[in-house]
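Each reported figure results from applying straightforward, stated rules to the coordinates on display, with no laboratory input. Note that the structure is a prediction, hence the values are computed from the model and not measured. Cβ: placed from backbone, ideal geometry, glycine included. Neighbour counts: every protein chain shown.
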Amino acid sequence: MTAPMLEISGLTVRYGPVRALNNISLRVDRGTIVALIGSNGAGKSTTLKALSGLLDLEGGSISFEGEPIERMAAEKRVARGMAHVPEGRRVFPRMSVWENLQLGGYTRPESEISEDLDHVVSLFPVLGERRRQYAGTLSGGEQQMLAIGRALMSRPRLLLMDEPSMGLAPQMVELILETVTAIRDEGTTVLLVEQNAAGAIRLSDYVYVLRVGEIVHQSKGSEIDDELLKTLYLGHDL
Amino acid sequence: MMELLKVEGLTVRFGGLVAVKNVNLSIAAGSIQALIGPNGAGKSTFVNALTGMVRSSGGTIVLNGKALHDQKPHQIVAAGICRTFQNIRLFGGMTVLENALVGAHRHFKSSMLDLVFQSSRMKDEEAQWIAEAAEELEFVGIAKYRDTMASTLPYGHQRRLEIARALLSKPELLLLDEPMAGMNSAEKDQLAQIITRVRQRGITILLIEHDMQIIRQLSDRVAVLHHGETLTEGTVNDVFNHIAVKEAYLGRAA
Amino acid sequence: MELFGQLLANAIMLGAIYALTAVAYTLVYGVVQLVNFAFGELFMVGAFICVSLMLPSVSLFGVSVAMPGLPLILAAPLAILLVGLIGVLVERFAYRPLRNAPRLAPLIVAIGLSVLLQSLAQSIWGAEELSFPEFGLSKLPPLVLFGSIHVNVMEIVVLAVAIVSMVVLTIFVKSTRLGRAMRATAEDPIAARLVGISIDRVIAAAFLIGSLFAALAGLLYAQAYGFVHPTMGFLPGLKALTAAVLGGIGSIPGAAIGGMLLALIETFGAGYLPNGSAYRDAFGFGILILLLMFRPQGLLGRRELNEAPAGSLVGTGAGKTPPQWYQAIVRLVESWLLRFKPGKTVLTLGVLFVAVAAAFLITSDYWLRILIFVLTYGLLASGLNIVVGFTGLLDLGFVAFWAVGSYLTSILFVLVLKQTFGIAPADVWWLFYVNLLIGGFLAALLGVALGYPTLKLRGDYLAIMTLGFGEIIRITATNWIDLTRGPMGIRGIPSPALFDFPLGQPRYLYLVGLALAVVIFACIGRLVRSYVGRAWVSIRENESAAEAMGVDTPRYKLFAYASGGFVGGVVGVFYAHSQQYVSPLSFTLFENILILMLIVMGGLGTLIGPFIGAAFWIIFLQVAQDIPFIQSHPELRFALLGLALVCLMIYLPQGVAARARVKLMVPR
């Protein structure tokens, strides 16, 4: 039995006086989509930031393919095979689409970058068409594709995605979520944070629900119905 | 029922982006009005526009018949609106009592000469507001921390200090921007009680919050912002049964 | 036409040098949003190392050392590389520990490094200028263009080198892996980390390249003007910063355009305007100020660089444990300070009694004069402390207020009354006391006038703009000869007197100074312990929250400038009468930096800190003179000051009197 792709145990993170994550544990198996949902301020983004090394932990451990990484610098984690599509996309606005993608392959040997570029363009043809355009001039949906494409350029085995559907038109949301499935089908494991709970539950293999820094529910997506979701998400009375 | 605040057609643009689009809101004196909406719906921008911290591009804000749009933040405080911040903004290098006293800033009338010569007017004024500040600290339950540095205060107490500080401006309308964020349920209950008692003092409250239980428990009416526009406005029950609200929060399939 | 051509040729060469140095500022600012004032000094160090390598022997610390005597073509790259190494070390040990500190902290470190490098260079190479050795190309006769314009071959070389290195840099940044990583870090450091870029490495690279450019510019400058000197980097450094801001800090083409534009304006202004060459340096600063007022992003820059520094003033340090000896000093000061609780009347009276008694117990005029200096600098630091320490606005033009007070009373007493109307100073002894007030109010007025345009600015830009104001006033004082007598200064300012009783003896001067100090100390204390002080500190701690709590922030900022200015003006009047001589040399940026350092050392935002800092420093200045090595290299004291400032910012940013934090209410 090989180690799971990702295993977190007892993770605790503080922002100054605020305890944003309190002793959470979760596990992501190879080749699956795991969704992390919950309302604002539940600690979803914080979890991803702690995983990719943007935040220091107060306690707990993170093991990636069996190797402890909680003390590893953020940039090393990318090289190890973990990529993070951040909230709000954070493309480099005054650099071209192509440069953004090249930067995504920063940790890869230069010789293999063009092959990876082809792969990303096959996934998002529009990025190929706009390769010379400044990333800041793309539409929200295109920027999201670029952010995902940039993350894929590092050939991650685990992709952390933070709210990829935020602020997008419904059609675009659909397209992005389909892409997530496609990425999983290519063999990349995905940990997905979403506010669009229904969408996330539909496509994921396993779901964790966070509330105020704690995991309040975990199960297969199919076991979560509307009533349960409302209770977990919006409070008991809705 | 008397109307305290009337916002009509409020619009805020940042460059090409319209963060708040033609929002109307009317708040009855003495009520608790909730404002909810998903992340990025424009709630904070709305509050910033109300308090003069961002410039509105259109629309009117009227408090007690007095037009407030295009006023500077300190003029808006003087008119009777004061706020707390979602991401706590205390004066970390000042004590709890000093923080509270900054909230009372607008009431100080002593001249420079009063200060330099320590006139009785200055001393009386200082004593009066120190007493009032101490009372407000007592009111929110952090009186024993009065000489502690605000930055070292426990998180839940920092939220309370923000409320006490805002109360010291003697506002007619208190804006609470996600006061419950990051709190556990016991802390939330205590804070909810404080909010209820603020309302009992006759102070009108605009409450921005994500915790629906709290909204349900405290507020008289709820307005929902989505993509910068008012999705719906009404009583708590009406709004929570509104199908569009669920969609906005849960995604299309829910 | 001949003049025009010649000026144009000069301007282009100077512009090339400004542009190269501006690249250093722009590159580092783009990546870490830090104005590394020390580039001006790296510019100078580059020139010194290059010259040293070219000579057969150099005197270092007064000891003659054999040198390889390399040709320029070898010495230059070697010098440039060495400076690059210094730049990387500076980043690693001085800036990196402060990467997450509020922006005032690295800014103060930058100033400290500047002082450190400059004083160190003075100790090593001496305060005399060294001439640049002749070399092959410099001996060629100048070319004559269009029949009348003389151009040295080296001027063409300078331009060519500048163009080539800028082009190479542009290509590097545009299309190499590291260059892309640098641009990505400049745009979004978090996203850069998420694609696997090591921010530490990128920042080190920016410092390395910036230092290389500064050194290159420095040695080109030195060969053009034929000499090297420890202060040679100061003005070009400021000019280059101006050029970088002018072009839009963060933009490499902006640096090139800004450098050329600034050189053109300066050169043609100096060439064509009446008395232009005297005001040459003022043009650049004037443009800088106008630019910051109306287009702070520069010609090609972006707007967001003028950000609010949120949170406390300088932070709580890098969380490092300072060395033992250092902790011991801090403990000593603190234990002494804890006994001195503000507000305890008995103790205040006790200290006052000791201070008065000192006037009669100390018999040496020499030490009494030193105490007068302590009071003068302590008071100046207290004035600046209102602006920097309490309100959190970094003001590098504070000396202007001091100058206004000094010149007001000097001009009135000497030039107007004595020389124009023939009135003896003794007949108008009371005017000194009146002038204290007038000087104060005049300086306060100036404070409001200079403060007003800075209201929109925060952080680095505020510091740069106030620096510009300070320099313009100093340049005016130097060159408006009719009013100020220029660099000669004004002599014969009468000592203070009370009726027929002269107060010129150091003992009485000290008592007058002490009386002033008591009054000003009390006034500042009373303002600070009231709603005014709370408003000031609230602006420092969180400006937007202060606004939201009803503090009219522009008004209180102006009031801080006015109050600080008032104190500066009053002290200026006292200073003029106690020294009996004023000259523009007393009001330099260095003095301003020194005053700032005294506050930082003593404790920003404390009442007693400025005096502790002043006492520490001025007594150290004297005592250190007895240490043999320092005796022969007195500038080392300033190097130590710079070093102390850097260490303070890293280990104890609140200063040694941190525990003496002022209560912002009337003590009960």
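FRET efficiency for the C:Ala426 to C:Ala522 pair, using the beta carbon distance and R₀ = 35 Å, is estimated at 0.70. Taking a quarter of the surface of the Cα convex hull of the protein assembly as shown gives a mean projected area of 50.0 nm².
Put a dot 7 Å past the Cα of A:Lys76, heading toward its Cβ, do the same for A:Arg131, and the two dots end up 3.5 nm apart.
Among the residues of B:211-224, the average count of other protein chain beta-carbon atoms within 10 Å of the residue beta-carbon is 2. On C-alpha positions alone, give me the angle between the axis of helix C:609-623 and the longest principal axis of chain C, in degrees, nearest 10. That helix lies at roughly 70 degrees to the long axis.
Looking at this model, which pairs from B:Lys21/B:Lys72; B:Lys170/C:Lys663; B:Lys144/B:Lys170; C:Lys174/C:Lys239; B:Lys43/B:Lys109 are more than 28 angstrom apart at the alpha-carbon?
Working: B:Lys21/B:Lys72 21 Å; B:Lys170/C:Lys663 24 Å; B:Lys144/B:Lys170 22 Å; C:Lys174/C:Lys239 26 Å; B:Lys43/B:Lys109 35 Å.
Flagged as over cut-off: B:Lys43/B:Lys109.
Between C:Val354 and C:Gln505, the distance separating the two model label sites (each 7 Å from Cα on the Cα→Cβ line) works out to 2.5 nm. On full extension, the segment bounded by C:Phe441 and C:Ser59 gains 132.5 nm, given 0.36 nm per residue less the C-alpha separation.
For A:Glu87, A:Glu227, what ranking results if the residue with the fewest other Cβ atoms within 10 Å of its Cβ goes first? Can you show the working numbers first?
Numbers: A:Glu87 18, A:Glu227 9.
Starting with the residue having the fewest Cβ neighbours, the order is A:Glu227, A:Glu87.
Taking Cα atoms only, the orientation of helix A:110-123 departs from the longest principal axis of chain A by about 70 degrees. Adding -39500 (n - 2.57) for every DSSP H run of four residues or longer, then dividing by how many residues the protein assembly as shown holds, sets the calculated 222 nm ellipticity at -17000 deg cm²/dmol. Running a GNM on chain A with Cα contacts under 10 Å, which residue among A:Leu123, A:Leu210, A:Leu101 ends up with the highest mean-square fluctuation? Looking only at A:Leu123, A:Leu210, A:Leu101, the biggest GNM fluctuation is shown by A:Leu123.
If neighbour count is taken as other Cβ atoms inside 10 Å, put C:Trp367, C:Trp125 in order from fewest to most.
C:Trp367, C:Trp125
Starting from the alpha-carbon convex hull of region C:469-613, give the projected area averaged over all orientations, in nm². Kindly include the intermediate steps, with their values, before the conclusion.
On the way: hull surface 42.7 nm².
Average projection, Cα convex hull of region C:469-613: 10.7 nm².
Tell me the volume per residue, in Å³, of the convex hull enclosing the alpha carbons of region C:112-191.
Values: hull volume 16.9 nm³, N = 80.
Looking at region C:112-191, the number lands at 212 Å³ per residue.
Taking the C-alpha atoms only, the angle from helix C:324-339 to the longest principal axis of chain C is near 30 degrees. Once the piece of chain linking C:Phe93 and C:Val448 is laid out straight, how much longer is it, given 0.36 nm per residue of separation minus the C-alpha distance between them? Difference between extended and current length: 123.9 nm.
Taking 15 Å as the cut-off, the amide N atoms of region B:58-81 that come nearer than this to a point 7 Å along the Cα-to-beta-carbon line of B:Thr11 belong to B:58-61.
Estimated from the Cβ-Cβ distance and a Förster radius of 45 angstrom, the FRET efficiency linking B:Thr235 and A:Ser222 is about 0.80. The modelled label-to-label distance between B:Ala143 and B:Lys123, using points 7 Å beyond Cα along the C-beta direction, is 2.5 nm.
Please quote Rg/Rh for region C:2-305 to two decimal places, taking the Kirkwood radius as Rh and restricting both calculations to Cα atoms.
On the way: Rg = 19.2 Å, Rh = 19.7 Å.
Across region C:2-305, the Cα-based Rg/Rh ratio is 0.97.
Once the mean of 1/r is taken over each pair of separate Cα atoms and inverted, region B:81-170 shows a Kirkwood hydrodynamic radius of 13.3 Å. Exposure proxy for C:Ile111, C:Ile203: other Cβ atoms within 10 Å of each Cβ, ordered fewest to most, give C:Ile203, C:Ile111.
Note on region B:123-254: Cα Rg divided by 2.2 N^0.38 Å, N the number of residues, gives 1.24. At full extension, C:Ile329 and C:Val416 could sit 26.3 nm farther apart than now, given 0.36 nm per residue minus the alpha carbon distance.
Would you mind calculating the relative contact order of chain C from Cα pairs under 8 angstrom and at least 6 residues apart, reporting the percent as a whole number? Working shown, then result.
Values: 1169 pairs, mean separation 137.4, N = 668.
After rounding, I find 21 percent.
Please go through region C:462-554 and write out the chymotrypsin sites (Phe, Trp or Tyr not before Pro) that DSSP classes as loop and that have at most 13 other C-beta atoms within 10 Å. Before the final figure, lay out the partial values.
On the way: sites: C:Phe469, C:Trp480, C:Phe499, C:Tyr508, C:Tyr510, C:Phe521, C:Tyr531, C:Trp536; in loops: C:Trp480, C:Phe499.
Passing both the DSSP loop test and the Cβ count: C:Phe499.
Counting only other chains, and only Cβ atoms inside 10 Å, what mean value do you get across the residues of A:87-97?
Values: counts 1, 2, 1, 7, 3, 10, 2, 5, 6, 0, 0.
So the per-residue partner count for this stretch is 3.
Write down the Kirkwood hydrodynamic radius of chain A, to one decimal in angstroms, obtained as one divided by the mean of 1/r over all alpha carbon pairs. After inverting the mean inverse Cα-Cα distance, the result is 18.1 Å. Please work out the Cα center distance from region A:195-232 to region A:7-70, rounded to the nearest Å. So the two Cα centres are separated by 17 Å. Tell me which of A:His119, A:Ala79, A:Val180 sits at the most positive position along the dipole axis of chain A, charges placed on C-beta atoms (Lys, Arg +1; Asp, Glu -1). My answer, from the dipole projection, is A:Ala79. With a cut-off of 19 Å on the backbone N, the residues of region A:51-92 near the modelled label site 7 Å out from A:Tyr15 along Cα-Cβ are A:51-59, A:85-90.
When all alpha-carbon pairs of chain C are counted, what percent fall beyond 33 Å? Of all Cα-Cα pairs in chain C, 49 percent lie more than 33 Å apart.
Choose one answer from B:Lys21, B:Lys170, B:Lys109: the residue with the largest mean-square fluctuation in a GNM of chain B with alpha-carbon springs under 10 Å. Sorting by GNM fluctuation, first place goes to B:Lys109.
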